[in-house]
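Structure first, then comments.
Nothing in this text is a laboratory measurement; each read-out follows from the coordinates by a stated rule. These figures come from a predicted structure and were not determined experimentally. Cβ: placed from backbone, ideal geometry, glycine included. Neighbour counts: every protein chain shown.
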């Protein structure tokens, strides 16, 4: 489970960054370009990613191995 949190966190950071860049006009061609709704969602997705990644790392290093 801890590896999945780390992977999900990295994916969320990349997705949130892409959403933000697309909506600011640096990356074009998507259906979300210029949409105010996605402009507000992008940074929240990008901020959720590090939380998931850090929690995955913490759990990976603090979890006791199963006997």
The Kirkwood hydrodynamic radius of the chain, taken as the inverse of the mean 1/r over all distinct Cα pairs, in Å, comes to 12.8 Å
Of the stretch 6-21, those with amide N under 17 Å from the point 7 Å along the Cα→Cβ vector of residue 60 are 6-14
Protection proxy (average C-beta count within 10 Å per residue), highest first, orders 11-24, 46-59 as 11-24, 46-59
Over the chain, the sum of -39500 (n - 2.57) across DSSP H runs of at least four, divided by residue number and rounded to 500 deg cm²/dmol, gives at 222 nm -26000 deg cm²/dmol
